[in-house]
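The values are calculated or read from the model by the stated rules, or taken from the named source; none is laboratory data. Model, not experiment: these values are computed from the prediction. Note that we place each Cβ from the backbone using ideal geometry, even for glycine, and neighbour counts take in every protein chain shown. To get the accessible areas, we keep the full protein, side chains included, count just its heavy atoms, and leave off ligands, DNA and RNA. Shrake-Rupley method; radii C 1.70, N 1.55, O 1.52, S 1.80 Å.
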Amino acid sequence: MDIYRAGQRATLKGNPDWFTGTVWQDAIIDTPEPARGRAVVVSFEPGARTNWHTHPLGQTLFVLSGVGRVQKHGEPVRAIRPGDTVWIAPGEKHWHGAGPETRMVHVAFHEAIDGSHVEWLEPVDDSDYRAEPAD
Ligand code: MN
């Protein structure tokens, strides 16, 4: 058994190659083999979001605070709020992030295959990001 104490691992800043705006990442766990689960708390400042991307084995998001947005490619932007769970299917192109004027914090869970848990794509255009959410 391992216990990772609060404050033991530094908060990491999201890589600007993969994120627009300011994003902070706090590790929950990166499980050792043969387990392959990973979990992280991600804090998006207002206007911040991921690039478009896919997950080879899918991803679950659980919103902790704030109001954010998520979009599956080809579908409307959706609002996400504390207590919401989002399942993103394997290979589904999508993005997630804060609202334009509101921060958002979520837990992200995903599994790695062949050492990979995400494939990064292009940034989300402002016009796509700022579309009025469907709900
Ligand atoms: Mn994702």
Check whether at least one residue in the stretch 89-107 is under 12 Å from the mean Cα position of the chain (by Cα), hydrophobic (A, V, I, L, M, F, W, C), within 12 Å of the ligand (Cβ to nearest atom) and surrounded by fewer than 16 Cβ atoms within 10 Å (Cβ to Cβ), and report yes or no.
no
Of residues in the stretch 38-73 being small (G, A, S) and under 23 Å from S116 (Cβ atoms), the one farthest from the ligand (Cβ to nearest atom)
A39
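Which one is farthest from the ligand (Cβ to nearest atom) among residues in the stretch 108-119 that are open to solvent by 70 Å² or more (accessible area, probe 1.4 Å) and on the phi < 0 side of the Ramachandran plot?
In this case the residue turns out to be E111.
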Matching residues in the stretch 31-50 (in contact (Cβ under 8 Å) with a residue 12 or more places away in the chain and either among the hydrophobic types (A, V, I, L, M, F, W, C) or surrounded by fewer than 18 Cβ atoms within 10 Å (Cβ to Cβ) (or both)) number 10
Tell me which residues, restricted to the stretch 1-30, are assigned to a loop (DSSP other than H, G, I, E, B), surrounded by 13 or more Cβ atoms within 10 Å (Cβ to Cβ) and of a type in the set (G, A, S).
G14, G21
